[in-house]
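Engineer: Just dropping this structure here.
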Amino acid sequence: MPHRWNRRAFLQSAAVLPFAAALRGGAWLPRGNPRTLLVLELEGGNDGLNTVIPLDDARYAQLRPTLQSARRGALPLGAAPGGGGFGLHMALAKVHARVLAGSAAVLHAVGYPSPDRSHFRSRDIWHTADPRLAAVRADTTGWLGRAADRLATAGAGLPAAEIGGTELPLLLRSANAMVPSLRRAEDFALQVDDAAGAGPGRRAAIEALAAPRADQGLVGEVAHVASAAIEQAGRLRAALQRYQPRADYPDSPLGRDLQLVARMAIAGFGTRLLHTGLGGFDTHARQLPTQQALLQELDLALDALLQDLGRHDALADTLVLVHSEFGRRVLENDSQGTDHGAAAPVLLLGGGVRGGVHGKGPDLGDLLDGDVRPTTDFRSVYRDLLDWLSIDAASVLDGEFAPAGACAR
Amino acid sequence: MTDWLAPWEPTAADPFDLAKAGHLLRRAGYGASFAERQDLVRRGLDAAVAHACGDGAAGADPAERWLEPLLAFDDIARLRETRVWIALQGSRPLRDRMTAFWHHHFATSNRKLQDPRALARQFATFDRLGLGAFDDLCAAMVRDPALLRWLDNDVNLRGKPNENFAREWLELFTLGRGNYSESDVRAAARACTGYTVVRGEFAFVGGEHDRGEVELLGARGPTDGDELARRTAAHPASARLLAAKWLRWFVHQEPEPAWVGELAACYEQRGRDVGATLRVLVRSRLFFSPAARRGIVKSPSEFVLGTVRACGARAAPKQLASAIAAMGEAWGEPATVEGWRGGRAWLTPATWLLRSNFAAELFAGRLGPFAPGADALLAPATSRADRAQLALDLLLDGDCSPASRERLLAFAASPAADGPGAAGALLHAVTALPEYQLL
């Protein structure tokens, strides 16, 4: 079926409201509800059992003859509420300090019924919030995209964005909201060849070509989108220019992505739902050094983001969810790695988080076909996040799910 | 208009001109240079249609030449780059378009497959059979290793059917929703049991094939995947599904329902020969009517490849392929099992900016080599107005609304069109006109 384009919703989301806002008071959207969510996805299936490590369970060492060495340097969570018996991977030192300080949370064994071990399908399930999803169709939407639709209706010009990717992931696919994919802020800016010596006013002259006009039909629709693009890009540029970093971001792809997240959140542009990813977690062989390096990169980049937000007085209004499409099998394989598994812990950081360790830790004596059994449904986590954002969770998730209780409202 | 599939006959008042030649080659190909378009206008409509259809194409087929190296590289980015290179050669314009069409139709993704070789071979099947009888294409696709694995038919076993392949076959590839029942899906799944892939090749594993009786689309008896392909290819619902899709692809993104039945009938009269049907369509009164003109939002590949080809320029296939992918049309990794949404879905502020920025970089020579450069392209024109007209001729067949022309002339007359990069900026300015987003 061709996607039916909803012109009315498009006009509301894309152009009319930003224009109206501009008329009301210049370049800034009113900051009604400034709360911003970042979903950070560990792509490939992070090994949850070597991220949040059982400290006292003898079965762990039996099932993981070589990978158990990660336990030696693990950072105990016993001082945090609910954290007894578990420790964080030593590469997550800064996250660990935040959990103990009450500004970050670990939520054990998050998953969904009848786990699927395909990256592809499990990622689709997390993205759509639909474990029964048969196939991704042209009109399939993602849970964050549906949330963006609710915000678009409420008037945000660009309610959501993908950061760092080249194309829009399924979770941000929406029915009506416009969701850009930004590798760099410059991608959502009009580039003009106006090097030294070029004729004056070239940028303005190119922009003028796309100024609003009154054509009918498809030409008129394109003209409308073009003028909305120029207008939105101009506002974003003005907003981003006001940002100065107040933390040292690591010089890594994730560091750059998270700095763009901070710019978007701090700029108050009205983009409130963000997604980015960190790849490489599919550790079928020689897992220890690979996971160590990735968690280290995650820890440093997250810490810079949270510091930066804090120093801009924006931490209370920003929440970060870190999750993966699945955990890995409990039994180590013959290549000092692990194969695709099921449930895994998620991390929550930033404003609105109820610090500590939540949920029931994995029971290595009660596995589900060799995997960690899910004890918290991932949609309960989404429910927490949507409640915190004041977006109607039941309509986004197509059903009522109990809150996981890891976030304040 | 009645009898709109009848051949369009140019007249003195409505001649086969630059705009018509551009229209034909942008749709039955990836566009053509100004010189090529002028040449086709001189040679006339029939010669132009024959050119688009690749009649008497000289030289070796670039698609065949590239297949072996492609299989050796086993790299999805290289597959994209190679398809871009083939399209830029433009020796078989309609064939290249239809290979892309069939990729959008039998949308198979390497994300799950992780087997670029299998996808390269699937593209080669489209090259070979894409303009032949649909029956032959279906016969090949029901045994296509990439498609079978993509839709889990390698785990569709006797007594343990997996319906994924059968369902998509009926819904997306042939009959379309509403033309089969759930019990047809189950029967089709049983028909395809044992159609699997062993070491990259199609294999029929008799022991896993369900030889029991099924009732499939109203006929009872034992059956298999080959028969499923034969019967669904010949089904009238498939004709309508394909006709509607070809109209969206070649004529208008929202075709009139009345057109669908007539094109479907034309296709059935021609023995379900795809090439013969499309030859009628791109020569038809409808195709050259005002209703069809600029009635489709360009896809990323149409935008990128069309821009380079319209300039008659050489550019780096690798950079073009990644630009197309970054705009959301990563060949080999379709967005959904239904391919890409297409049409209006390509049109958002973010995609508009990406396209505009691509054009700015391309014309400024910052996207790898772009030869001849923007300066050389506009060198023949001397006055400001002539330069604007030439830029319009190159990129828009000299045909746009009065409002667009007025703005472009104002741009060309302003100081903004002076100094270094002036020619590139003028070409960039044309791509900022709304008409340029439309095919």
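Engineer: Let me spell it out: the conditions are (1) open to solvent by 10 Å² or more (accessible area, probe 1.4 Å); (2) closer than 30 Å to B:Arg366 by Cβ; (3) in contact with a strand residue (DSSP E or B) (Cβ under 8 Å, 6 or more places away or on another chain), and B:Arg309 meets all of them except one. Which number is the exception?
Structural biologist: (3)
Engineer: Which residue pairs have Cβ atoms under 6 Å apart, sit 6 or more places apart or on different chains, and have a first residue in the stretch B:339-359 that is at the interface with chain A (Cβ under 7 Å from one of its Cβ atoms) and a second that is surrounded by fewer than 22 Cβ atoms within 10 Å (Cβ to Cβ) and not in a helix (DSSP H, G or I)?
Structural biologist: From the stretch B:339-359, the pairs are B:Arg341/A:His3; B:Arg341/A:Ala138; B:Gly343/B:Gln253; B:Arg344/A:Trp5; B:Ala345/A:His3; B:Asn357/A:Gln191.
Engineer: Let me spell it out: the conditions are (1) touching a Gly at 6+ places or on another chain (Cβ under 8 Å); (2) open to solvent by less than 10 Å² (accessible area, probe 1.4 Å), and A:Leu305 meets all of them except one. Which number is the exception?
Structural biologist: Just one mismatch for A:Leu305, condition (1).
Engineer: I've got another one for you. Which one of these is charged (D, E, K, R) and within 19 Å of the chain's Cα centre (by Cα): A:Arg71, A:Arg121?
Structural biologist: Every option except A:Arg121 fails the conditions.
Engineer: Ok, one more. Could you tell me whether A:Arg373 is open to solvent by 40 Å² or more (accessible area, probe 1.4 Å), in contact with a Pro (Cβ under 6 Å, 6 or more places away or on another chain) and either on the phi < 0 side of the Ramachandran plot or not polar (S, T, N, Q) (or both)?
Structural biologist: Judged against the criteria, A:Arg373 is not a match.
Engineer: So which residues in the stretch B:124-144 are open to solvent by less than 10 Å² (accessible area, probe 1.4 Å), among the hydrophobic types (A, V, I, L, M, F, W, C) and in contact with a Ser or Thr (Cβ under 6 Å, 6 or more places away or on another chain)?
Structural biologist: Within the stretch B:124-144, just B:Phe126 meets the criteria.
Engineer: Now for a separate question. Select from the stretch B:422-434 the residues that are within 7 Å of chain A (Cβ to nearest Cβ) and buried (at least 24 other Cβ atoms within 10 Å of the Cβ) and list them in ascending order.
Structural biologist: Within the stretch B:422-434, B:Gly424, B:Ala425, B:His428, B:Ala429, B:Ala432, B:Leu433, B:Pro434 qualify.
Engineer: I'm told B:Ala292 meets every condition in (1) open to solvent by less than 20 Å² (accessible area, probe 1.4 Å); (2) part of a loop (DSSP other than H, G, I, E, B); (3) at pLDDT below 95; (4) among the aliphatic types (A, V, I, L, M) except one. Can you identify the failing condition by its number?
Structural biologist: (3)
Engineer: Kindly list the number of the only condition in (1) open to solvent by 20 Å² or more (accessible area, probe 1.4 Å); (2) more than 30 Å from B:Pro420 (Cα to Cα); (3) more than 7 Å from chain B (Cβ to nearest Cβ) that fails for A:Leu172.
Structural biologist: Against the list (1) open to solvent by 20 Å² or more (accessible area, probe 1.4 Å); (2) more than 30 Å from B:Pro420 (Cα to Cα); (3) more than 7 Å from chain B (Cβ to nearest Cβ), A:Leu172 comes up short only on (1).
Engineer: Residues in the stretch B:20-38 that are of a type in the set (A, V, I, L, M) and either part of a loop (DSSP other than H, G, I, E, B) or surrounded by fewer than 18 Cβ atoms within 10 Å (Cβ to Cβ) (or both): how many?
Structural biologist: Matching residues across the stretch B:20-38 total 3.
Engineer: In this structure, is B:Ala118 over 15 Å from the mean Cα position of the chain (by Cα), small (Gly, Ala, Ser), open to solvent by 10 Å² or more (accessible area, probe 1.4 Å) and within 29 Å of B:Ala243 (Cα to Cα)?
Structural biologist: yes
Engineer: Report whether or not B:Ser301 is of a type in the set (S, T, N, Q), surrounded by fewer than 24 Cβ atoms within 10 Å (Cβ to Cβ) and either within 30 Å of B:Leu354 (Cα to Cα) or touching a residue at least 60 places away in the same chain (Cβ under 8 Å) (or both).
Structural biologist: It is false that B:Ser301 is of a type in the set (S, T, N, Q), surrounded by fewer than 24 Cβ atoms within 10 Å (Cβ to Cβ) and either within 30 Å of B:Leu354 (Cα to Cα) or touching a residue at least 60 places away in the same chain (Cβ under 8 Å) (or both).
Engineer: Let me ask you something else. Could you please give the count of residues in the stretch A:206-229 that are open to solvent by less than 10 Å² (accessible area, probe 1.4 Å) and over 16 Å from B:Thr348 (Cα atoms)?
Structural biologist: 2
Engineer: Assess whether A:Val357 counts as being of a type in the set (Val, Ile, Thr) and in a helix (DSSP H, G or I).
Structural biologist: In short, no.
Engineer: Restricting to the stretch B:39-68, name every residue that is modelled with pLDDT under 95, open to solvent by 20 Å² or more (accessible area, probe 1.4 Å) and assigned to a helix (DSSP H, G or I).
Structural biologist: Residues satisfying the conditions are B:Glu64, B:Arg65, B:Trp66, B:Leu67, B:Glu68.
Engineer: How do the pairs read when you match residues in the stretch B:370-381 that are over 11 Å from B:Ala422 (Cα atoms) with residues anywhere that are among the charged types (D, E, K, R), using Cβ under 8 Å and keeping only pairs 6 or more apart or on different chains?
Structural biologist: So the pair list comes out as B:Phe370/B:Arg314; B:Ala371/B:Arg314; B:Ala381/B:Arg387.
Engineer: On to the next question. Quick test of your reading of the structure: A:Pro212 fulfils all but one of (1) part of a loop (DSSP other than H, G, I, E, B); (2) under 30 Å from A:Glu43 (Cα atoms); (3) more than 8 Å from every other protein chain (Cβ to nearest Cβ). Name the failing condition by number.
Structural biologist: It is condition (2) that A:Pro212 fails.
Engineer: So is A:Leu386 in contact with a helix residue (DSSP H, G or I) (Cβ under 6 Å, 6 or more places away or on another chain), open to solvent by 10 Å² or more (accessible area, probe 1.4 Å) and modelled with pLDDT of 95 or more or not?
Structural biologist: It is false that A:Leu386 is in contact with a helix residue (DSSP H, G or I) (Cβ under 6 Å, 6 or more places away or on another chain), open to solvent by 10 Å² or more (accessible area, probe 1.4 Å) and modelled with pLDDT of 95 or more.
Engineer: Hey, another quick one. Could you tell me which numbered condition A:Arg203 fails, if it satisfies all but one of (1) without any contact (Cβ under 8 Å) to a residue 60 or more places away in the chain; (2) open to solvent by 30 Å² or more (accessible area, probe 1.4 Å); (3) away from every other protein chain (no Cβ under 14 Å)?
Structural biologist: For A:Arg203, the exception is condition (3).
Engineer: A further question on this structure: Could you list all residues from the stretch A:110-121 that are at pLDDT 95 or above and surrounded by fewer than 23 Cβ atoms within 10 Å (Cβ to Cβ)?
Structural biologist: The one that is at pLDDT 95 or above and surrounded by fewer than 23 Cβ atoms within 10 Å (Cβ to Cβ): A:Tyr112.
Engineer: Considering only residues that are within 14 Å of another protein chain (Cβ to nearest Cβ) and out of contact with any strand residue (DSSP E or B) (no Cβ under 8 Å at 6 or more places or on another chain), look in the stretch B:69-105 and name the one that is most open to solvent (accessible area, probe 1.4 Å).
Structural biologist: Result: B:Ala77.
Engineer: So A:Leu182 fits all but one of (1) facing chain B (nearest Cβ under 7 Å); (2) at pLDDT below 90; (3) in contact with a Phe, Trp or Tyr (Cβ under 6 Å, 6 or more places away or on another chain); what number is the exception?
Structural biologist: (1)
Engineer: Name the helices (runs of 4 or more DSSP H) wholly inside the stretch A:15-101 in which the number of residues that are at pLDDT below 95 and touching a Gly at 6+ places or on another chain (Cβ under 6 Å) is 1 or more.
Structural biologist: A:17-25
Engineer: Quick check, is B:Phe287 under 20 Å from B:Gln89 (Cα atoms) and crowded, with 22+ Cβ neighbours inside 10 Å?
Structural biologist: No; evaluated as a whole, the condition is false for this residue.
Engineer: Could I ask something else about it? Can you tell me which of B:Asp397, B:Asp386 is under 22 Å from B:Arg37 (Cβ atoms), in contact (Cβ under 8 Å) with a residue 24 or more places away in the chain and more than 10 Å from chain A (Cβ to nearest Cβ)?
Structural biologist: B:Asp397
Engineer: Now, a different point. Do any helices (runs of 4 or more DSSP H) entirely within the stretch B:356-437 hold 1 or more residues that are closer than 29 Å to B:Ala345 by Cα and modelled with pLDDT of 95 or more, and if so, which?
Structural biologist: Answer list for the stretch B:356-437: B:384-396, B:402-413, B:422-431.
The values are calculated or read from the model by the stated rules, or taken from the named source; none is laboratory data. Computed from a predicted model, the values in this text were never measured in an experiment. As a convention, Cβ positions derive from the backbone with ideal geometry for all residues, glycine included, and neighbour counts pool all protein chains shown. Accessible surface areas use protein heavy atoms only, side chains included; no ligands, DNA or RNA. Shrake-Rupley method; radii C 1.70, N 1.55, O 1.52, S 1.80 Å.
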